Amino acid sequence: MATAPDIDAPANPLDSFRAEVRAWLTANFPPSLKGKDNAMSAVEGPHTNSPEEDAWQTAMGEKGWGVPTWPKEYGGGGLSRAEARVLQEEMQRAGAWNPIGGMGVMMFGPTLLEYGTEEQKREHIPAIAKGTVRWCQGYSEPGAGSDLASLQTFAADAGDHYVVNGQKTWTSGGQWADKCFMLVRTDKAKKHEGITFLLCDMDTPGVEVRPIRLISGSSPFCETFFTDVKVPKANRVGAEGEGWTIGKRLLQHERSSLSGGGSAAGRMFAGASLGQIAKRYVGVDGEGRLADADLRSRIARHEMDLRSFMLTLRRASLEAKSNQGPSAATSIMKNVGARIMQERSELLIEIRGFAGLGWDGEGFEEDALKDVRTWLFGKAVSIYGGSTEIQNNVIAKRILGMLDHQ
Amino acid sequence: MAVLTEEQTMLRDMAREWADNEAPVSAFRKMRDAAPAAGYDAATWAAQAEMGWTGILVPEAQGGAGMGYVSLGLVLEQLGRNLVASPLASIAAATSAILLGGSDAQKAQWLPRIAAGEVIATLAIDEGPRFDPAKIETRVEDGRLSGTKTFVPEGDSAQLFVVAATDGLHLVSGDTTVTRAPRHLTDSRSHAQVTFDQAPAEALGGGAALIGQVADRAAAAAAAEMLGMAESAFAQTNDYLKTRVQFGQVLASFQALQHRMAKMFTELELCRSAVEGALEAIDSGRANVAQEVSLAKAVANETLHLVSREMVQLHGGIGMTDEHDAGFYLKRARVLETQWGNAAWHRDRFARLNGY
């Protein structure tokens, strides 16, 4: 992808920063961790870190470079966007990866920086920047999926605290989370204006989490039940009834992080080329081309889509230099990213034949078994974080100015 | 819908009623959770044999009904609708090999037992993970067969293997000379790697050409099962869209979703015609069976792929859960798409058969 500019290039104000990053990475990134990043870690849940992984996380956490553009005063890196890009390029060059992640980084942090009180930022942001506290998202409910504003979980005013009752679903990583940012209803009479944004400790009495088993066999999502859960009013972000505005802002961050801007999706695309894998399983013709012409053409089409997508991501990130935060174009990115990820999985299955359909047990390569689970889990990508259909609505209405149905 | 005889209509209705009452998808789920080595529930299978389905292809003289492939397809379609885990399709493939290439003695030895439901038989062609009847190394010398077959359907329980060797198809009894290694695929059905080491083998007539003819019949049977799966996945999705409310309206009221359902319905109609066309071509012994089968399998692959994928997507989050049935259709679809030639393989052959 992006190639690191030559260090001997004409003097550039970022050169000295680049040199600093390079030296710091040499000193702090253990070479044994090169490429060890696990793209499925968010799905599979936390694992026991090796001492090297711990040290790497601590180093990045203390430097604030896991969240490079967040303010230094709250534990961020305090870098400009240009500096953050240099950091990313140098990390790629060194084979280093970001050990700080999760929903706190992708969604909640940026939102709290914008809407939180000084006290809330000081309490929550540094722990996210260090990767020591895990957050989960309490948004969806059984009757409020795409139509999120129909949520029914109710927070009753009890003076200095709220008493929360209701059920959330699709709580990603709920069973591993320390805290939950959630949308609750504080007014039953108003739909959008009756919603409030709350922060809840997952170990508060009355919070119960039940993992949901997916078709991939993993359980990265949960149902979360709230029964008379006390949440202090100090844990409310923004004013009562302002939750919809804040929550929507957070969703923009979610879409932009799910669009695969060099993160999870990017890592998935970084593996062996489909063409090479296909040659191994399908064989070649007399001229060394993939023997299956139909498959060959479809792989080419997919690779072209993928490259156009990566180039679009890069263009969007360059154009966003002057903008603040994510734009409506993130809907396009999420849809394309989901489609490409799913197509890739399906092509892999097709290429490997039965060897690509193994569920468990003997007779399958480790990569192939992993790719089967990725294929099945990948079906969630076009559903969660606002389904493809919902993103298309956003594109039609907000970008194209088209009108509501009926 | 093909024009059915009274007999075929009864067979279809009986199969449908039985599948809905005795073998709904919940029965498949129960089997999946219990995970018997055979990959199917013994009692459910006994009931199918009892109804005479194992004898559909077997001539009356050998104790069967002699009804043909359209009739077989009707039953497989009903089983496919509810994802019934059944060795029937594998048995039918083996039966077709004996019918086409068996001597009178071989027919007399096996067909009555197959018709009576006493023998689980299966077809073993592939030696790699992708369908490739041109790449066979299994050999027979002095009546002894040696080679390894991968992902043999019903390979865990088969008592009779119809095995492809370099010189054609052979009957091999599933006794101790056979080593089976289970291969757990996404569909929770039986697939095994089967190794034959100097196994006593009896050649069927017809030579290497018979392999293709039998594979075509197996592919047509798979396409019938896929048609049933696609129909059911489509119907379940359509029902769901009519009940799920978002934004104060049932999902079925959104035009964008209506158009997708309309497209799927259209594809399903084409798929039914292609599948029935292939089965009829086999029954009437037409010269273009290979072409008709390639058409049917390619179209069934694409149609079921579309419908099973949309079943998950249109069900939203619930379609992603193991608790919902959508995943079963998605996973089985991929296995059947891979079995006996995927869409690309059949498109390629279709082109060759048409001289381009």
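Miscellaneous remarks
- Along each principal axis, taking the top coordinate minus the bottom one, the Cα set of chain A gives 78, 52, 48 Å in descending order.
- With one equal scatterer per alpha carbon and no solvent term, the Debye-computed log10 I(q)/I(0) for region B:1-122 at 0.22 1/Å reads -1.26.
- Helix A:51-63 and the longest principal axis of the C-alpha atoms of chain A enclose an angle of approximately 60°.
- FRET E, pair residue A:233, residue B:176, Förster distance 56 Å, beta-carbon r, rounded to 0.05: 0.15
- Along each principal axis, taking the top coordinate minus the bottom one, the Cα set of region A:51-165 gives 50, 32, 31 Å in descending order.
- Residue-wise HN-Hα coupling along region B:112-122, computed from phi with Karplus coefficients 6.51, -1.76, 1.60 (Hz; x: Gly, Pro): x, 5, 5, 4, 7, x, 8, 10, 8, 10, 8
- P(r), alpha carbons of region A:120-178 - 10 Å bins starting at zero, rounded %: 20, 35, 38, 7
- Averaged over peptide B:311-318, the number of partner chain Cβ atoms lying within 10 Å of each residue's Cβ comes to 6.
- Nearest-ten-degree value, helix A:293-319 long axis tilted from longest Cα axis of chain A: 50 degrees
- Unit charges on C-beta of K, R, D, E only; dipole of the protein assembly as shown, Debye: 2060 debye
- Rounded FRET efficiency, nearest 0.05, which uses the C-beta distance separating residue A:403 from residue B:266 and R0 of 41 Å: 0.90
- Cβ-Cβ FRET estimate between residue A:307 and residue A:213, R0 fixed at 45 Å, reported to 0.05: 0.80
- For chain A, the solvent-accessible area works out to 46 Å² per residue, with a probe of 1.4 Å and every protein chain left in place.
- Residue A:389 contributes an accessible area of around 40 Å² to the protein surface, as traced by a 1.4 Å probe with all chains present.
- Cα Rg over Rh - region B:232-320, Kirkwood: 1.14
- In this label model, residue B:9 and residue A:26 are separated by 8.6 nm, measuring between points 7 Å along each Cα→Cβ vector.
- Rounded to the nearest 10 degrees, the angle from helix B:88-101 to the longest Cα principal axis of chain B is 40 degrees.
- For region B:197-202, putting each phi into the Karplus relation 6.51 cos²θ - 1.76 cosθ + 1.60 with θ = phi - 60° gives couplings of 10, 6, 7, x, 10, 10 Hz, in residue order, rounded to whole numbers and with x for Gly and Pro.
- When you filter the trypsin sites (Lys or Arg not before Pro) in region A:41-123 for DSSP loop state and at most 14 other Cβ atoms inside 10 Å of their Cβ, nothing is left.
- Spin-label pair residue A:80-residue B:352: with each label point 7 Å from Cα along the Cα-Cβ axis, the two points sit 6.3 nm from one another.
- Whole-Å distance, taken between Cα centres, linking region B:75-147 and region A:283-308: 34 Å
- With the simple model of a label 7 Å out from the Cα in the direction of the Cβ, residue A:193 to residue A:280 spans 6.1 nm.
- Measuring only protein heavy atoms, the 1.4 Å probe finds residue B:156 accessible over about 40 Å².
- Amide H contacts of residue B:183: B:191, B:192, B:193, each under 5 Å away and 5 or more positions distant or on a separate chain (H built 1.01 Å from N in the peptide plane; Pro and chain starts excluded).
- For region B:1-64 versus region A:56-89, the spacing of their alpha-carbon centroids is 63 Å.
- Scanning residues 5 or more positions from residue A:141 or on other chains, those with amide H under 5 Å from its amide H are A:169, with H placed 1.01 Å from N in the peptide plane.
- Overall form of region B:87-132 per C-alpha gyration tensor (a/c, 1.5; a/b vs b/c): oblate
- Mean silhouette area of the protein assembly as shown, derived from the convex hull of its C-alpha atoms and averaged over all directions, reads 36.9 nm².
- The protection proxy used here, the mean number of other Cβ atoms lying within 10 Å of each residue, ranks peptides B:167-173, B:33-39, B:336-342 as follows, highest first: B:336-342, B:167-173, B:33-39.
- Buried surface for the B/A pair, taken as the accessible area of each chain alone minus that of the pair with a 1.4 Å probe, is close to 3600 Å² in total.
- The alpha-carbon positions of chain B define a convex hull whose volume is 131 Å³ per residue.
- Solvent-accessible area, 1.4 Å probe, carbon plus sulfur percent, for chain A: 52 percent
- Å² per residue, accessible surface of chain B at 1.4 Å: 38 Å²
- Cα-based convex hull, region B:129-209, per residue volume (Å³, whole number): 86 Å³
- Normalising by residue count, region B:232-283 has a Cα convex hull of 56 Å³ per residue.
- Area of residue A:52 that stays accessible when all protein chains are in place (1.4 Å probe, Å², to 10): 80 Å²
- In region B:179-199, burial by the other protein chains removes 20 Å² or more of 1.4 Å probe accessible surface, compared with the chain on its own, from B:183, B:184, B:185, B:186.
- Going by accessible surface with a 1.4 Å probe and the largest first, B:104, B:283 read B:104, B:283.
The values are calculated or read from the model by the stated rules, or taken from the named source; none is laboratory data. As the structure is a prediction and not an experimental result, all values here were calculated from the model. In this analysis, Cβ positions are derived from the backbone assuming ideal geometry, glycine residues included, and neighbour counts consider all displayed protein chains. For accessibility, only protein heavy atoms count, side chains too; no ligands or nucleic acids. Shrake-Rupley method; radii C 1.70, N 1.55, O 1.52, S 1.80 Å.
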